[in-house]
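Colleague: The structure is given below, and queries will be raised subsequently.
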Amino acid sequence: MAIIRFKAIEASLHHRPVKYDPPAGLISEYFGMNVFDKKKMQKYLSTEAYSQVMEAIEKGTRIDRKIADQVASGMKAWAIENGATHYTHWFQPLTEGTAEKHDTFIDFNENGDIIETFSGKMLVQQEPDASSFPSGGIRNTFEARGYTAWDPSSPAFIVGKTLSIPTIFVSYTGEALDNKTPLLKALYAIDKAAVDVCQYFDKDVTKVISTLGWEQEYFLVDSALYNARPDLMLTGRTLFGHASARDQQLEDNYFGVIPERVLNFMRELEIEAHKLGIPLKTRHNEVSPNQFECAPIFEEVNTAVDHNQMLMDLMEKIAKKHNFTVLLHEKPYAGINGSGKHNNWSLMTNTGENLLSPGKSQKNNFRFIVFLANILKAVHEYNGLIRACIASAGNDLRLGANEAPPAIISAYI
């Protein structure tokens with residue numbers, strides 16, 4: 001084992017910054033280039049199809065099968081023009097990650113010839129084998145049929161040569177088998193309840209949007225050193241070994257100068273994220289050695305959560321190109337800070353008002369107090385459910401075990 005470690009150290013010393021040539025021009029010129037966003041929908045869809053999709057996004061209305069065929073045709077045309085050969089229903093099962101099954105666009109026509117095709121039926125619903133995904137024991141293996149269904153509120157995107165379509169994942173009997181389904185239900189419930197309250201203050205408020213700005217902390221480890229640690233490879237965290245002689249005692253890592261190798265990784269990560277419509281804005285050193293953070297501009301919650309899943313996948317892929325391994329475990333090292341994922345959450349009306357911002361007028365300030373009081377009451381009344389939603393082996397190891405009091409929820413006003 002000692003020989004492996006010495007060889008790993010020697011290999012790490014030969015790793016140099018990997019150059020990455022950014023696209024020419026401004027970020028705004030290539031931002032979202034791999035996303036089937038509103039601009040591209042207007043270009044590739046008929047006016048009728050675009051209007052119905054936007055109504056489904058904003059009001060939750062159903063999309064006709066005829067319109068779904070038009071959307072699928074336009075989406076396929078855009079994807080193929082951008083080099084895509086496959087499509088997948090991209091979903092978030094209860095595995096703390098994402099899942100996808102790739103299919104080509106090809107099929108036989110009536111003459112037996114191969115053609116590229118993509119119908120509304122393929123877009124709207126798929127039937128992956130659900131037997132091997134976590135289900136909480138709600139059904140037997142032989143009853144394991146599951147369905148993915150298109151979520152039009154989150155735009156499709158291209159990764160490599162695959163068109164990825166965000167979807168929910170439910171069982172044959174309708175139970176949620178993913179994280180997106182309960183999120184969408186919660187967003188709908190918040191919208192309805194918040195609009196009802198807003199109507200007492202402003203009749204122009206017809207929709208309330210939940211917004212989220214997340215912060216992604218992570219560690220970068222040289223790939224050679226990572227490969228010399230079986231515990232890191234198998235569990236994502238260290239299980240043995242001595243603490244470093246110098247780590248975060250002097251608190252000089254936080255906001256320090258970013259090392260060149262890491263900066264090149266961050267540059268490529270930001271560019272590829274921007275191409276996928278992920279609005280990364282901030283990057284900096286974190287408290288622990290080799291710990292860093294990135295954060296985007298806040299977005300609608302459903303889109304923001306999808307973007308975080310996409311970003312974590314990007315981080316792992318790009319880190320390998322720079323001879324790094326990214327650690328996303330909440331507590332990879334004992335004795336130093338772990339990696340949190342702060343969620344800056346708020347409520348925004350269709351009239352542009354932040355409901356959790358104190359108002360300048362007496363009426364608006366009263367509205368703020370009403371929403372604040374209701375949120376505090378909800379946190380108090382449903383604290384068990386909230387804690388259960390974030391419970392995981394990694395979170396429990398970090399919070400309530402090493403970096404915080406036992407699992408509690410506190411509110412600071």
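Colleague: Name the residue, out of A373, A388, A404, A378, that is out of contact with any Gly (no Cβ under 7 Å at 6 or more places or on another chain) and part of a loop (DSSP other than H, G, I, E, B).
Modeller: Step by step, each of A373, A388, A404, A378 is checked, and only A404 is out of contact with any Gly (no Cβ under 7 Å at 6 or more places or on another chain) and part of a loop (DSSP other than H, G, I, E, B).
Colleague: Looking only at region 331-353, count every residue that is touching a residue at least 12 places away in the same chain (Cβ under 8 Å) and either in a strand (DSSP E or B) or within 19 Å of L212 (Cβ to Cβ) (or both) and tell me the total.
Modeller: Of the residues in region 331-353, 13 are touching a residue at least 12 places away in the same chain (Cβ under 8 Å) and either in a strand (DSSP E or B) or within 19 Å of L212 (Cβ to Cβ) (or both).
Colleague: For region 75-98, name all the residues that are surrounded by fewer than 17 Cβ atoms within 10 Å (Cβ to Cβ) and not acidic (D, E).
Modeller: A77, I80, N82, G83, T85, L94, T95, G97
Colleague: Out of (1) touching a Phe, Trp or Tyr at 6+ places or on another chain (Cβ under 6 Å); (2) among the small types (G, A, S); (3) outside the structural domain of T211 (by TED's automatic domain parsing), what's the single condition that is false for A404?
Modeller: It fails just one condition, (1).
Colleague: Between a first residue in region 192-204 that is farther than 12 Å from F371 by Cα and a second residue that is surrounded by fewer than 14 Cβ atoms within 10 Å (Cβ to Cβ) and among the polar types (S, T, N, Q), which pairs have beta carbons less than 9 Å apart while being 6 or more apart in sequence or on different chains?
Modeller: Qualifying pairs under 9 Å: D202/T351; D204/T351.
Colleague: Cβ-Cβ distance below 6 Å, separation of 6 or more or different chains: which pairs start in region 243-256 with a residue that is acidic (D, E) and end on one that is part of a loop (DSSP other than H, G, I, E, B)?
Modeller: D247/P289; D247/I336
Colleague: Let me ask something additional. What is the residue count in region 148-189 for residues that are within 17 Å of S131 (Cα to Cα) and either outside any loop (DSSP other than H, G, I, E, B) or modelled with pLDDT of 95 or more (or both)?
Modeller: 7
Colleague: Still on this structure, please answer the following. Give F108, F118, F6 a once-over and let me know the one that is touching a Phe, Trp or Tyr at 6+ places or on another chain (Cβ under 6 Å) and of a type outside the set (G, A, S).
Modeller: Exactly one of F108, F118, F6 is touching a Phe, Trp or Tyr at 6+ places or on another chain (Cβ under 6 Å) and of a type outside the set (G, A, S), namely F118.
Colleague: Just wondering, is there one or more residues in region 272-288 that are buried (at least 21 other Cβ atoms within 10 Å of the Cβ) and over 19 Å from the mean Cα position of the chain (by Cα)?
Modeller: yes
Colleague: When region 228-262 is examined, which residues are found to be among the hydrophobic types (A, V, I, L, M, F, W, C) and in a loop (DSSP other than H, G, I, E, B)?
Modeller: Matches in region 228-262: A228, L239, F240, A243, A245, L250, F255, V257, I258.
Colleague: Here are some residues: S164, S223. Which one is in contact with a strand residue (DSSP E or B) (Cβ under 8 Å, 6 or more places away or on another chain), surrounded by fewer than 20 Cβ atoms within 10 Å (Cβ to Cβ) and within 29 Å of L280 (Cα to Cα)?
Modeller: S223
Colleague: Out of all the residues in region 382-398, is one or more in contact with a Leu (Cβ under 7 Å, 6 or more places away or on another chain) and modelled with pLDDT under 85?
Modeller: no
Colleague: Answer yes or no as to whether I63 is in a loop (DSSP other than H, G, I, E, B) and in the same structural domain as D151 (by TED's automatic domain parsing).
Modeller: Against the criterion (in a loop (DSSP other than H, G, I, E, B) and in the same structural domain as D151 (by TED's automatic domain parsing)), I63 qualifies.
Colleague: Please work out if A84 is in contact with a Leu (Cβ under 6 Å, 6 or more places away or on another chain), closer than 25 Å to M312 by Cα, modelled with pLDDT of 95 or more and in a helix (DSSP H, G or I).
Modeller: No, not satisfied.
Colleague: Do any residues in region 167-188 that are not assigned by TED's automatic domain parsing to the domain that holds E58 and loosely packed, with under 14 Cβ neighbours inside 10 Å have Cβ atoms under 9 Å from those of residues that are part of a strand (DSSP E or B) and of a type outside the set (S, T, Y), where the two are at least six apart or on different chains, and which pairs are they?
Modeller: These pairs meet every condition: P182/A176; K185/A176.
Colleague: Does I318 fit the bill of being on the phi < 0 side of the Ramachandran plot and outside any helix (DSSP H, G or I)?
Modeller: No, not satisfied.
Colleague: What pairs can you find where one residue is in region 115-133 and assigned to a strand (DSSP E or B), the other is surrounded by fewer than 20 Cβ atoms within 10 Å (Cβ to Cβ) and charged (D, E, K, R), and their Cβ atoms are less than 7 Å apart, with a gap of 6+ or different chains?
Modeller: That search, which allows pairs on different chains as well, returns I115/D107.
The values are calculated or read from the model by the stated rules, or taken from the named source; none is laboratory data. On a predicted model such as this, the values are computed, not experimentally measured, just so you know. Note that we place each Cβ from the backbone using ideal geometry, even for glycine, and neighbour counts take in every protein chain shown.
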